[in-house]
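All remarks here apply to the structure that follows.
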Amino acid sequence: MKSKSTPQTIVPDKYAIGESNVISGNGTDTLYIKELLETPSLYHKENIPGTDIEIDLPYNITIQNPKNVTHTLWWDLCDLRIDSDLETFRYAGFRNRVPIGGVPGFAGHLYFIPSDDPKAVTLEKFKEMHRDEIDQIIYSDPTSVVYTLRGNGYALHFRYLESSKTYAIYQNQVFSIGGLQESDVIDIALVYLRMARNLFDQHDNPEMFDWQAIEKTLSKVESRHFNDARTQIHKLITTDANYLPDDYYDLAYMMKTSETITSMRSIFKQIPRKGYLLMKGLFTDREILPFFRLRDEDDGLRIVSHNGDDYLIEKKAREQKGMMDDTPRLQRLEYAPVHFTRVGNKPVMLTTLSDYGTNTFRMNEQLARVYLEFFKSCKFD
């Protein structure tokens, strides 16, 4: 299968270039943009497929390069030719692990293009090439630009990696679909630009990062989605269901029978801090199974952290494959938050579902920390 993507025209602003050029007039406050781009986050490391390049990604972003799909691109970016037919072409596609409308979203592409010319791409050249094609510039600095075109938002960031004489080009288009307002589109593009500007920096994640700090890292759309999900979680208490409605399905799974809660607490007491509690065949409770999803003899659980009624769990399991797939079933790690609480006299446990059967959107440790803080923010008083 070959997926062909025609390179879209990416256009600059008509304004003077400064060290940091923030253009107001579109309802986006300039101070808000500055604070958004400087907001700290939680990061995890991933390797670019086919390279030894390691990048830092925010907790909610993962690399997704679909198997058996060829990414085809021809793009003249200033004096740099981006040609996917070249043997040296490398790229990574990104996905947002936080589901909006039930679907993890596209989060842009990162291209690696060898070049001996560190001045092949500059903001000045970029702007001059497309001077008459812009709707509005939102933000620019010497290596970045965010702008709108026909109601869509665009983010572009480029960096020359001197050690390998390679350009790293991040590009993303945010479509104004699904009822998104232009202000939403701009906000999302700025959040992705923040991601791009931090890809090659080293980050030490803080030990304390509560929901108030996490909420500052979210786009306005994501923040509204979590607020709506919190309302749905409160509604779930009064039903017989364990799952949230479709649009919020991946955000939470609730256990709420006394027997199940007692069983879960007993299980966690057995899990060692070092090594794994092996789980095959030990538990068959219908309410518990969607959380564990462990089948093989060496599948198991380990406690990463524990504080009162809050747990961060590491799950080790073999990939589940189809009957006709004879490739090796690799061991994979996935993380899950667990929050015990009470609603009146009723015990409740909140967690997330395992990405059972896939290896596409495994929950990393930092994302599990985020969900745990979200659960703690769902006050039931």
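The values are calculated or read from the model by the stated rules, or taken from the named source; none is laboratory data. On a predicted model such as this, the values are computed, not experimentally measured, just so you know. Cβ coordinates were reconstructed from backbone atoms using ideal geometry, including for glycine residues, and neighbour counts include every protein chain displayed. Ligands, DNA and RNA are excluded from the accessible area calculation, which covers all protein heavy atoms including side chains. Shrake-Rupley method; radii C 1.70, N 1.55, O 1.52, S 1.80 Å.
What list of ³J(HN,Hα) values in whole Hz, one per residue of the stretch 151-163 in order, does the Karplus curve 6.51 cos²θ - 1.76 cosθ + 1.60 (θ = phi - 60°) give from phi, with Gly and Pro shown as x?
Once rounded to whole Hz, the list reads x, 9, x, 10, 10, 9, 9, 10, 9, 8, 8, 4, 5.
Taking the alpha-carbon centroid of each part, what is the distance from the stretch 127-205 to the stretch 212-262 in angstrom?
Their Cα centres are 31 Å away from one another.
If you keep only loop residues by DSSP, which trypsin sites (Lys or Arg not before Pro) in the stretch 107-211 have at most 12 other Cβ atoms within 10 Å of their Cβ?
Working: sites: Lys119, Lys125, Lys127, Arg131, Arg150, Arg159, Lys165, Arg194, Arg197; in loops: Lys119, Arg131, Arg150, Lys165.
Taking the stretch 107-211 and a limit of 12 other Cβ atoms within 10 Å, the loop trypsin sites (Lys or Arg not before Pro) found are Lys119, Arg131, Arg150, Lys165.
Can you run phi through the Karplus equation (6.51, -1.76, 1.60; θ = phi - 60°) for the stretch 185-199 and list ³J(HN,Hα) in whole Hz, with x for Gly and Pro?
4, 4, 4, 5, 4, 5, 4, 5, 5, 4, 4, 4, 5, 10, 4
Which entries of Lys256/Lys376; Lys34/Lys216; Lys235/Lys315 have Cα-Cα distances beyond 19 Å here?
Lys235/Lys315
For the stretch 48-195, what % of the accessible area comes from carbon and sulfur atoms, probe 1.4 Å? Intermediate results must be reported in sequence, preceding the final value.
Working: 2950 of 5960 Å².
Answer for the stretch 48-195 is 50 percent, counting heavy atoms of protein chains only.
Tell me, what % of the accessible area of the stretch 196-268 is carbon and sulfur with a 1.4 angstrom probe?
Values: 1730 of 3770 Å².
After summing per-atom areas, the C and S share lands at 46 percent.
What share of all Cα pairs of the stretch 76-181, in percent, falls into each consecutive 5 Å distance bin?
2, 11, 19, 22, 19, 14, 9, 4, 1
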